Amino acid sequence: MPNKHKYASAVYRPDPELHRRAKEAVAAVGSNMNAHIIGFLSWLVGDTDELPPRPTPICSDPSCAAEAGGDRP
């Protein structure tokens, strides 16, 4: 079948505002939600030590990078 996927879908229901911001963030780094979710899950279960990329926070206060998670592992 032309629309048959290899894996069954998994449904997540994030807050609409969080979902909107996440779509903007993955677009800003040239990715998509599917790739980022799979990348995060691979990191979470220990298959990789590398988290998916994310855009640099936009703010005028230098402390906001740390507050936004700029100093993550």
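The values are calculated or read from the model by the stated rules, or taken from the named source; none is laboratory data. If you're wondering where the values come from, they're calculated on a predicted model, not measured in any experiment. When we count neighbours, we look across all protein chains shown, and the Cβ atoms used for this are built from the backbone with ideal geometry, even at glycine.
Brief remarks follow.
- Screening residue 33 against (1) at pLDDT below 90; (2) within 17 Å of the chain's Cα centre (by Cα) leaves a single unmet condition, (1).
- Filter result (loosely packed, with under 13 Cβ neighbours inside 10 Å and modelled with pLDDT of 95 or more) within the range 49-67: 49, 50
- Tally of residues being among the basic types (Lys, Arg) and without any contact (Cβ under 8 Å) to a residue 24 or more places away in the chain across the range 21-58: 2
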